[in-house]
Amino acid sequence: MAKTGTTTQGLRAAIERSGYYPALVAEAVEAAVGGEPVASYLVHQETTFDSNEVRRHVTVLVLTGNRFIVSHTDEQAADTTSPAPYATTSTESVKLDRISSVVVSRVVANPEKYVPGTLPREVVLTIGWGAVSRIDLEPAACGDPNCEADHGYTGNTTADDLSLRVSEAGDGPDTVRQTLAFAQALSEATAAADR
C-alpha cells in the first residue's frame, strides 16, 4: 500500500492508514521533517518472507523544499538480544543538491500496443545520493579462448542508496500512480536545486 500527498496532516493520516506501528513511524518522520512544509510524500508498506517468518517493512519518503527524507521501519522477532519482539526505525535527511540520480524504471506489457498515459504494470524507483554504493566484480578475460593468464578483475560501481519496487498486481494501480507522482516531484525538485 502506498499513499502520497502534499501536507503534513496528509502524511500523518497516510502513516496511520498503513497500520504499521503508526505512532512510532509518525514520531520518527515528524522529528526528521521538523517544521518544514511537506511538498510531497510516499508511504509504502511491504511484507517479506524470511525463511519461515513473515516480516513487515514500511518506507516513508518525504520531500520538503530543501530536503529528501527517507525513513525505514522494520520489525524483528525476539532474539538473543531482546526477549520481546522489537522494531527498528531509522531516518535519513538528504539535501536536495546531494541527490545525484532519480531513476524510474517502468515495466509495460505489450509495448507495441502502448498508449501514452497507460500505467506501467511495475515501477522501480531508485534514488542515489552517494551514501551507499555497490561494486560488482568479475574476472577479466581476453579474446583468446586458450589464454590462461590472470587478467585481474573488471566491474562496475552502482549507486544504490534506495530502491523501491511497486507493482500493479501486488500493490494496486493507485500505488503505481502515486509512486510515479512522487518520483516526478522529486525529479523536479532536484533539477530546481541544481540551478
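The values are calculated or read from the model by the stated rules, or taken from the named source; none is laboratory data. The model shown is predicted, which means the values in this text are computed figures rather than measured ones. Glycine gets a Cβ as well: all are built from the backbone with ideal geometry, and neighbour counts include every protein chain shown. Areas reflect the complete protein model, heavy atoms only, side chains present, ligands, DNA and RNA absent. Shrake-Rupley method; radii C 1.70, N 1.55, O 1.52, S 1.80 Å.
Give the ranking of His44, His151 by solvent-accessible surface, highest area first, calculated with a 1.4 Å probe.
His151, His44
Rank these by accessible area, largest first, 1.4 Å probe: Ser18, Ser90, Ser51.
Correct descending sequence by accessible area is Ser51, Ser90, Ser18.
Under the rule of -39500 (n - 2.57) per DSSP H run of 4 or more residues, summed and divided by the residues of the chain, what mean residue ellipticity at 222 nm is obtained, to the nearest 500 deg cm²/dmol?
Result for the chain, helices only: -8000 deg cm²/dmol.
Mind giving me the FRET efficiency for Asp194 and Cys142? R0 is 30 Å, r the Cβ-Cβ distance, nearest 0.05 is fine.
0.15
I need the shape label for region 1-115. Rule: rounded when a/c is under 1.5, else prolate if a/b > b/c, else oblate, with a, b, c from the alpha carbon gyration tensor.
Oblate shape, in that a/c is at least 1.5 and b/c is the bigger or equal ratio.
What is the sum of charges around Val123, taking Lys and Arg as +1, Asp and Glu as -1, for the other residues whose C-beta is under 15 Å from the C-beta of Val123?
Cβ neighbours under 15 Å give a net charge of -1.
Enter the mean projected area of the convex hull around the alpha-carbon atoms of region 22-80, in nm², rounded to one decimal.
Here the figure is 5.0 nm², rounded to one decimal.
Leaving out ligands and nucleic acids, note down the accessible area per residue over region 80-147 with a 1.4 angstrom probe, in whole Å².
Normalised by residue count, the accessible surface of region 80-147 is 70 Å².
Where the centre of each part is set by its Cα atoms, how far does region 135-195 sit from region 23-47, in angstrom?
So the two Cα centres are separated by 25 Å.
Given just the C-alpha atoms of the chain, how large is their convex hull per residue in cubic angstrom?
Once divided by residue count, the hull of the chain is 212 Å³.
Taking the Cα atoms only, what angle lies between the long axis of helix 173-194 and the longest principal axis of the chain, rounded to 10 degrees?
The angle comes out near 80 degrees.
Quick one: pull the percent of accessible area on the chain belonging to carbon and sulfur, 1.4 Å probe, ligands and nucleic acids left out.
Its accessible area is 49 percent carbon and sulfur atoms.
Once you place label points 7 Å from the Cα toward the Cβ at Ile135 and Ser93, how far apart are they in nm?
Using points 7 Å along Cα→Cβ, the separation is 3.2 nm.
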